[in-house]
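One structure below.
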């Protein structure tokens, strides 16, 4: 009754037509009902230092707890959960500062989308390892390598081979996922350290990547700083060359100190026999490797080149290793359907064999896209976390005060490198560790009469080569996944990867090979 009475009162005045607020009908009204003005949206607040530090402290506590509690198994889920929880803390802080949830979600999506190509590369490398094992490609590399191996020089040989390969094709990931896998197999079967070998592989792969005009990260560092790629490479070589020599000396020392001249020779014969019995060892088995090299030289997209080689290896295996293929699906018959099922299964789940020799089984029973899913999980949550810190000003809040305290050239270069390393740890992405320091420090380098090629070298040494030393960084997670060695296990032996930033800091402090815009 009250509502109808109000409606009647509204309609009693012979005035213009209006809509009743209570019942929605249109009646004559002496004036339109007043409506509340649109509320002014609350402006987001700048983060405080506590806001910026809290997610990092939470991340450090959770990651260290995961490593302490689970050890090498932390990558199997606990580390991913730690990154997700730290991301939730960052999200709550961002919401508290007045940003809408839609912005938080969009920032997370952008962070994940930036690494989609890396995820596809990871999955295709998993497929490649599986089919290369089934086709005998990796076993053939190992078989020939075991016949000529010299344990004393093995580690430095791995360094040089990976450096040359990466320099030629411009990809540390492809080098580690192909040549590196074979070298790890060689080390395992020859009773050499897979940890040192993995460190040598990573050192060599990143040496070549850093000095290759085909490397996308090298091109990115040069372009963002406005430098010619070859000028950047020449300036880069003053650090990369000595760092490579230091790595070579270190690995030679480890080769002679750790193993006598004939280490592993007593087991090599039985393992060679096992490989020869399982596979038809022939140079034909190396055709998938040759195809990958050709596609890489022709600058085919990495994921497309790797998947093409994987599929070719699967088809080749049906002709060169039919017994190994049919053993995958023992109840699948012998016809075309059985071959298709076997190749399909290996691409998805990897190749598996049981020879009774543990070292041979661990070498061959690997691969498949499914083997990369834990790594993909880690990369996704790490990059979502990093993008939140970057886009909502939490990182810049911490970096800007540090920049103002860098009064000298040496301290500025050290600050830039440490910032890039910190970004690799916090954002888990080498691209952020390259792009953001350039944005933060470019103007300051110009103010101090420092040529931009100094900055391009700094971000390469701090942002690119240190990425595989961080377990949850996309590069560190990738290397651990394809080489089968935990990041923290190979990191001490990736000598090039920490010699480069240390040398750059030394150069800055001593004013060695520091280019000026205008000579004084």
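Going residue by residue through the range 474-487, is there one that turns out to be within 18 Å of the chain's Cα centre (by Cα), at pLDDT below 80 and under 30 Å from residue 369 (Cα atoms)?
Scanning the range 474-487, I find at least one residue that is within 18 Å of the chain's Cα centre (by Cα), at pLDDT below 80 and under 30 Å from residue 369 (Cα atoms), so the answer is yes.
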Reported set for the range 451-468 where residues are surrounded by fewer than 24 Cβ atoms within 10 Å (Cβ to Cβ) and either touching a helix residue (DSSP H, G or I) at 6+ places or on another chain (Cβ under 7 Å) or at pLDDT 90 or above (or both) is 452, 453
List, please: which pairs have Cβ atoms under 6 Å, are six or more places apart or on different chains, and start with a residue in the range 207-233 that is surrounded by fewer than 20 Cβ atoms within 10 Å (Cβ to Cβ) and end with one that is at pLDDT below 85 and assigned to a loop (DSSP other than H, G, I, E, B)? 214/170; 229/213
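Within the range 97-109, does at least one residue satisfy the condition of being assigned to a helix (DSSP H, G or I) and crowded, with 24+ Cβ neighbours inside 10 Å?
Filtering the range 97-109 for residues assigned to a helix (DSSP H, G or I) gives 101-109.
Retained after the next criterion (residues that are crowded, with 24+ Cβ neighbours inside 10 Å): none.
Scanning the range 97-109 turns up no residue that is assigned to a helix (DSSP H, G or I) and crowded, with 24+ Cβ neighbours inside 10 Å.
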Tell me, yes or no, whether the range 329-341 has at least one residue that is in contact with a strand residue (DSSP E or B) (Cβ under 7 Å, 6 or more places away or on another chain), at pLDDT 80 or above and closer than 23 Å to residue 277 by Cα. no
Condition (residue is modelled with pLDDT of 85 or more and touching a helix residue (DSSP H, G or I) at 6+ places or on another chain (Cβ under 9 Å)) applied to the range 430-445: is it met by at least one residue? yes
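Quick one: which residue in 126, 136, 177, 182 is closer than 23 Å to residue 352 by Cβ and surrounded by fewer than 24 Cβ atoms within 10 Å (Cβ to Cβ)?
Values: 126 fails: surrounded by fewer than 24 Cβ atoms within 10 Å (Cβ to Cβ); 136 fails: surrounded by fewer than 24 Cβ atoms within 10 Å (Cβ to Cβ); 177 fails: surrounded by fewer than 24 Cβ atoms within 10 Å (Cβ to Cβ).
Step by step, each of 126, 136, 177, 182 is checked, and only 182 is closer than 23 Å to residue 352 by Cβ and surrounded by fewer than 24 Cβ atoms within 10 Å (Cβ to Cβ).
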Quick one: would you say residue 326 is free of Cβ contacts under 8 Å to residues at least 24 places away in the same chain and within 25 Å of residue 165 (Cβ to Cβ)? no
So, residue 33, is that one touching a strand residue (DSSP E or B) at 6+ places or on another chain (Cβ under 9 Å), modelled with pLDDT under 85 and not in a helix (DSSP H, G or I) or not? yes
Take residue 118 and tell me if it is in contact (Cβ under 8 Å) with a residue 40 or more places away in the chain, under 21 Å from the mean Cα position of the chain (by Cα) and crowded, with 19+ Cβ neighbours inside 10 Å. yes
Residue identified as part of a loop (DSSP other than H, G, I, E, B), out of contact with any strand residue (DSSP E or B) (no Cβ under 7 Å at 6 or more places or on another chain) and closer than 25 Å to residue 248 by Cβ among 159, 192: 192
State which residue is farthest from residue 500 (Cα to Cα) when the search covers only the range 214-229 and only residues that are at pLDDT 80 or above and assigned to a helix (DSSP H, G or I). 222
So residue 514 ticks every box in (1) surrounded by fewer than 24 Cβ atoms within 10 Å (Cβ to Cβ); (2) part of a helix (DSSP H, G or I) but one. Which box is left unticked? (2)
Residues that are touching a residue at least 12 places away in the same chain (Cβ under 8 Å) and within 22 Å of residue 253 (Cα to Cα), drawn from the range 502-517: 503
So if I check each of 176, 205, which one is within 24 Å of residue 295 (Cα to Cα), in a helix (DSSP H, G or I) and either touching a strand residue (DSSP E or B) at 6+ places or on another chain (Cβ under 7 Å) or modelled with pLDDT of 90 or more (or both)? 205
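The values are calculated or read from the model by the stated rules, or taken from the named source; none is laboratory data. Computed from a predicted structure; not experimentally measured. Neighbour counts are summed over all protein chains in view; Cβ atoms, including those assigned to glycine, are modelled from backbone coordinates with ideal geometry.
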